[in-house]
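First comes the structure, then the notes that go with it.
The values are calculated or read from the model by the stated rules, or taken from the named source; none is laboratory data. Just so it is clear, the structure is predicted and the values come from calculations on it, not from any experiment. Note that we place each Cβ from the backbone using ideal geometry, even for glycine, and neighbour counts take in every protein chain shown.
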Amino acid sequence: MAALLAASPLLAQVQSKVPPTGVPVVPPAPTPEERRQKAFGVVHTISDRLSKIDVPMDVEPAFAFRP
Amino acid sequence: MGKPKTKLDEASLPFATISDLGNALRNREISCVELTKFFARRLETLGPQYNTLAYPLSKQAEKFAKDVDWDLKRDRFRGPLQGIPYGAKDLLAVAKHPTTWGAKPYADQVFDYDATVIERLAKARAVLIGKLAMVELAGGGGYSSASASLQGPGLNPWNASYWSGGSSSGSGAAVAAGLVPFALGSETSGSIMTPASYCGVSGLRPTYGLVSRHGAMALSWTLDKIGVLARSAEDCGLVLQAIAGADPADPGSVRKSFYYTPQYYEKVSELKVGYAEIDFAEWPDESLRPAFANALAAVKSIGAQMVETQIPNFAYGPVISAIIDSEAASIFEPLIRSGKVDQLADASQIDGLKASLTYSAIDYLKAMRVRTQVQAAFRDVFGQFDLLIAPTHFSPPDRADQPFDENETKRPERKGVGGGLVPASNLCGIPAISIPCGFVNGLPIGLQIVGPVFSENRIIAFASEFQRRTNFHEQHPPSLTGPASANSLR
């Protein structure tokens, strides 16, 4: 195996725990469940931030109802 | 490629302005058929290298071009866009041809009518040569990489390792690569400004409602705008004049026309311009700061009254996200609930659209009420200033082959004008232009100029003055023409 690794730089990179210099470290891709939780978490965070904004009662939404 | 018979040589023709091409057509230095074939061939040959082309329309374009030549031969001049080829973002309906919205679930979608802007450009005798690639569903739901498109990642003609920006990716890249003289794009929040900045072209986002959206994919009814990407601010004005105007088919139409009248804005030096030094000196990534300092010096040389300011402090990000996501969830509810949303290319976007269904009415209404406050605050800002200027983006484009970097770059605590200006100005429905203002490591950077509602002529006039003093907008990707000049100040 050692001989094989020495002969194949590409395979050596894959096996090595320390990334070669100059190669960007790409974080592991999130699992589908992690992605789903993140997406729903974004909505929750935005909702939470909006709930903390005080807006006077007489400020109406920025669209006009036209009869 | 056949050599066109024109004083514009083969190297300069792809990057000629609308005025130059119009003159060549009217002087019969080149025919409309020759010009159309020239650009259609470039779009179909080079377009796939940058994933800009969604669908070629060269056959119908050549037929249309013959009709234009018939008029030109009889000296029947129909305006500045007569005979000028262009491309349209693939979210605009073109009758009897696919309109995919950049998304697999709509790959076979065909409408039986043209979008109003397509009709208007046909009336101006501009020649549609192709549909241009875009981020799927204009990015609704939020995407995590450049690959979020039916045509693959939008590649930047300045360096194909980098993204061309989105969601009007193909429109920005096609203009930058000289594949079309101008292109139609759309913006909900940043989708014209970003590709214009990243690709080094001029991108105009008009006032909300000035240009009809009839026949365009809806992402957010209260935010969507159709605009232009072109070689210069002046070219943007010429195209806007043709596409603006009332349209009963668009409920958001403000029923106003636009006449490009630069002659009334000759004294741009009398304008009062709000800006912040910190936007150019501290907010950009360190590598971009010298180029932005250079751009600011060029802006100051115009002689306008430059006054330090900062924009009002609101939670622009959460407010615009809640509005876009809620409206998009309503628009795409059938796609999401049917499960066809899973056919999209970007997994984050799929999850984002599904999660958007959980916004409450309270969230949406709160966001729209804050939006009322934002509009009022910006009316006050434009009581003091004629224009605001800032860098369009503080960072270079992301790489095209990797997920977007989600680590937020540390920016100064103190805010100026640029941080939040893109979502803020979109929330207000006010117009903006992004123009090229420098290069860093071979990639363009952009300057945004924002004004109050219906101030397009003023914005274009100021941008044109900047472009008279610099030649960043005349630089072209080296692989397509030769190296960009390092010193682009005149």
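Counting the residues of the range B:398-418 that are within 15 Å of B:Ser144 (Cβ to Cβ) and not small (Gly, Ala, Ser) gives 10. Name the pairs: first residue in the range B:221-242 and assigned to a strand (DSSP E or B), second residue of a type in the set (D, E, K, R), Cβ to Cβ under 8 Å, at least 6 apart or on different chains? Once the first residue is assigned to a strand (DSSP E or B) and sits in the range B:221-242, its partners that are of a type in the set (D, E, K, R) give B:Lys225/B:Glu187; B:Lys225/B:Arg205; B:Lys225/B:Arg213; B:Ile226/B:Arg213; B:Gly227/B:Glu187; B:Gly227/B:Arg205; B:Val228/B:Asp235.
B:Ser464 - would you say it is in a helix (DSSP H, G or I) and surrounded by 18 or more Cβ atoms within 10 Å (Cβ to Cβ)? Against the criterion (in a helix (DSSP H, G or I) and surrounded by 18 or more Cβ atoms within 10 Å (Cβ to Cβ)), B:Ser464 qualifies.
Scanning the range B:26-56 for residues that are of a type in the set (A, V, I, L, M, F, W, C) and buried (at least 22 other Cβ atoms within 10 Å of the Cβ) gives B:Cys32, B:Leu35, B:Phe39, B:Ala40, B:Leu43, B:Leu53, B:Ala54. Screening the range B:263-289 for residues that are in contact with a strand residue (DSSP E or B) (Cβ under 8 Å, 6 or more places away or on another chain) and in a helix (DSSP H, G or I) and picking the one that is surrounded by the most Cβ atoms within 10 Å (Cβ to Cβ) gives B:Phe280.
Could you list, in sequence order, all residues of the range B:390-412 that are under 21 Å from the mean Cα position of the chain (by Cα) and hydroxyl-bearing (Ser, Thr, Tyr)? Correct list: B:Thr392, B:Ser395. Report the residue count in the range A:11-67 for those that are modelled with pLDDT under 90 and among the β-branched types (Val, Ile, Thr). Number of matching residues: 6. Here are some residues: B:Pro436, B:Pro431, B:Pro423. Which one is away from chain A (no Cβ under 14 Å), touching a residue at least 12 places away in the same chain (Cβ under 8 Å), under 22 Å from A:Phe63 (Cβ atoms) and not aliphatic (A, V, I, L, M)? That would be B:Pro431, the only listed residue that is away from chain A (no Cβ under 14 Å), touching a residue at least 12 places away in the same chain (Cβ under 8 Å), under 22 Å from A:Phe63 (Cβ atoms) and not aliphatic (A, V, I, L, M). Taken together, the criteria exclude B:Tyr106 from residues that are touching a residue at least 24 places away in the same chain (Cβ under 8 Å) and of a type in the set (Phe, Trp, Tyr).
Considering only the range B:300-319, how many residues are surrounded by 24 or more Cβ atoms within 10 Å (Cβ to Cβ) and either at pLDDT below 95 or at the interface with another protein chain (Cβ under 10 Å from one of its Cβ atoms) (or both)?
Going through the range B:300-319 one residue at a time, the tally reaches 1.
Do the conditions hold for B:Leu296, that is, is it assigned to a helix (DSSP H, G or I) and more than 21 Å from B:Ser145 (Cα to Cα)? For B:Leu296, the condition - assigned to a helix (DSSP H, G or I) and more than 21 Å from B:Ser145 (Cα to Cα) - is met. The one condition from (1) more than 24 Å from the chain's Cα centre (by Cα); (2) more than 11 Å from chain A (Cβ to nearest Cβ) that B:Phe382 does not meet is (1). Tell me yes or no: at least one residue of the range B:421-440 is over 23 Å from B:Ser186 (Cβ atoms) and either of a type in the set (Ser, Thr, Tyr) or part of a loop (DSSP other than H, G, I, E, B) (or both). Scanning the range B:421-440, I find no residue that is over 23 Å from B:Ser186 (Cβ atoms) and either of a type in the set (Ser, Thr, Tyr) or part of a loop (DSSP other than H, G, I, E, B) (or both), so the answer is no. For the range A:30-67, residues that are within 27 Å of B:Gln402 (Cα to Cα), among the small types (Gly, Ala, Ser) and more than 8 Å from every other protein chain (Cβ to nearest Cβ) total 1. Restricting the range B:361-375 to residues that are at the interface with another protein chain (Cβ under 7 Å from one of its Cβ atoms) and free of Cβ contacts under 8 Å to residues at least 12 places away in the same chain, the residue that is farthest from A:Arg49 (Cα to Cα) is B:Thr372. Scanning the range B:61-118 for residues that are under 26 Å from the mean Cα position of the chain (by Cα) and of a type in the set (Val, Ile, Thr) yields B:Ile84, B:Val94, B:Thr99, B:Thr100, B:Val110, B:Thr116, B:Val117, B:Ile118.
Might you let me know whether the range B:129-146 holds any residue that is at pLDDT 95 or above and over 23 Å from the mean Cα position of the chain (by Cα)? No, that holds for no residue.
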